[in-house]
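See structure below.
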Amino acid sequence: MAPRRLKPDQIAEMFRRFEAADPAPEGELDYVNPYTLLVAVALSAQATDAGVNRATGPLFKIADTPAKMVELGEAELISHIRTIGLFRTKARNVIALSQILLDKYAGEVPRDRAALEELPGVGRKTANVVLNIAFGEPTIAVDTHLFRLGNRTGLAPGKTPLEVELKLEKAVPAEFKRHAHHWLILHGRYVCKARKPECKRCLINDICLFKEKTVSVP
């Protein structure tokens with residue numbers, strides 16, 4: 001049996017409510033330019049935004065460009081990000097991607113998903129986040145929160161993150177795509193949690209198709 005899906009008018013109403021509650025949502029990673037955003041997102045894999053911010057606060061004061069990061073070097077970078085999971089691999093990737101930016105893109109972050117995905121440690125999700133936040137592209141980066149919401153709510157059910165992403169791109173009305181990623185990730189992080197969704201204070205609990213709501217909907 002195919003999973004239940006929300007209707008277009010329900011989806012539009014869902015995002016109207018998100019927009020009314022938070023007209024200009026923002027990501028929670030700290031950054032100062034497109035390059036530091038790229039580094040922060042790459043470091044955030046399997047780590048919390050808060051943990052990344054604690055490490056990158058001091059780091060970005062001394063290395064906020066690819067040239068400065070390469071000059072800093074891998075060993076010194078490790079000393080700054082040691083509290084982040086997989087720090088050795090991430091340090092190696094950050095130095096490598098910084099050198100590539102210098103060699104191929106004059107030190108600038110490319111505004112192109114394929115080019116971003118060619119960088120060490122940068123996958124589709126990271127590329128989409130950078131394109132959305134740094135360049136205002138209407139991309140939707142599917143992390144664990146968006147994957148859960150896509151399936152749980154009936155918004156964009158899919159078996160893989162890519163399937164959910166492609167369905168979200170079709171389902172989300174154009175006027176809401178710019179901020180859709182942030183609305184959904186914040187909703188998943190603070191309301192529609194994995195283990196204990198707080199349906200009682202959910203803006204869309206009367207629209208969501210989740211069968212195991214923690215509060216009855218009239």
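The values are calculated or read from the model by the stated rules, or taken from the named source; none is laboratory data. Computed from a prediction, not measured in an experiment: that's the story for all the values here. All Cβ positions, even for glycine, are placed from backbone atoms using ideal geometry, and neighbour counts span all protein chains on display. Note: areas computed on protein heavy atoms with side chains; ligands, DNA, RNA excluded. Shrake-Rupley method; radii C 1.70, N 1.55, O 1.52, S 1.80 Å.
Tell me what the chain gives for mean residue ellipticity at 222 nm when only DSSP H runs of n ≥ 4 count, each as -39,500 (n - 2.57), the sum divided by the residue total, rounded to 500 deg cm²/dmol.
Values: 11 runs with 123 residues, N = 218.
Only helices count here, giving -17000 deg cm²/dmol.
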Greater than 19 Å apart at Cα, pairs in 125/167; 7/177; 7/196; 7/211; 125/177: 7/196
In whole angstrom, the spacing between the Cα centers of segment 72-148 and segment 1-69 equals 13
With charges only on Cβ, +1 for K and R and -1 for D and E, what is the dipole size of segment 1-149 about its Cα centre, in debye, rounded to 20? 520
As I understand it, the value is the acute angle between the Cα axis of helix 124-135 and the longest principal axis of the Cα atoms of the chain; what does it come to in degrees, rounded to 10? 80
Against the longest alpha carbon principal axis of the chain, how many degrees, from 0 to 90 and to the nearest 10, is the axis of helix 49-62 turned? 30
Taking just the alpha-carbon atoms of the chain, what radius of gyration and Dmax come out, in angstrom? 18.6, 61
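Please work out the average accessible area per residue across the chain, using the 1.4 Å probe convention, and give it in Å². Kindly include the intermediate steps, with their values, before the conclusion.
Values: 11260 Å² over 218 residues.
For the chain, the solvent-accessible area averages 52 Å² per residue.
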Measure off, as a whole percent, the carbon and sulfur share of the 1.4 Å-probe accessible area of the chain, all protein chains present. 54
